[in-house]
Amino acid sequence: MNIRLLVAVVACCVALSGNVRAETIMSGTSAGLDEDSIALQGQRVRLWGIDAPSVDQTCKRGGKTWTCGRDAARALSQLVTGKTVRCLVIVEDKLRRLIVGDCTLGGESLSRWMIRNGWAVMNPRQTDAYAKEEAEAKDAKRGIWSSEFEMPWDWRIRQRTKGKGQ
């Protein structure tokens, strides 16, 4: 083997190894906290890749208001409470005590489940991995897709500006 090629290969391997980090996995009995967060090992873990209606957010179905945010939170809680969940930590901000994780229950992604059942929408700033499931939920009018609703991020912005008297 050419010595220059060998040196180049070794240099690439060393450079790449600096970018590799150990994956942090959390696992244990969980409980639902709200519309897109679970409690795991005494910490709050936000589900990666989704945005669900806030607990206080309402939607309209058949001209009637319903508590879609509460229902989304209830669905997540019923799914995970008392069961063993495994999360790959994607973001951990110790200062803000924020953990965002890609979590699974029995090998199924909780984020994918929330979207497929119409309790959340895909967060396009994080991923487009759930586009198929979101389209299917929308077509089948599952969960929030069976109603008129404001995108969760727009609803939160409107709530903040409403509080400022605008």
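The values are calculated or read from the model by the stated rules, or taken from the named source; none is laboratory data. In this text, all values refer to a predicted model and were calculated from it rather than measured experimentally. All Cβ positions, even for glycine, are placed from backbone atoms using ideal geometry, and neighbour counts span all protein chains on display. Note: accessible area is taken over every heavy atom of the protein model, side chains too, but ligands, DNA and RNA are not part of it. Shrake-Rupley method; radii C 1.70, N 1.55, O 1.52, S 1.80 Å.
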Please work out how much length the chain gains when fully extended from R156 to I90, using 0.36 nm per residue of separation minus the C-alpha to C-alpha distance, in nm with one decimal.
21.4 nm
If each Cα of segment 58-166 is one equal point scatterer, what is log10 of I(q)/I(0) from the Debye formula at q = 0.14, 0.21 Å⁻¹?
-0.68, -1.30
Full-stretch length increase - E108, R74 - with 0.36 nm per residue and alpha-carbon distance subtracted:
10.4 nm
Along the Cα→Cβ direction, 7 angstrom out, place labels at A31 and D56. What is the inter-label distance in nm?
2.3 nm
Would you mind getting the accessible area per residue of segment 59-128, heavy atoms of the protein chains only, 1.4 Å probe, in Å²?
56 Å²
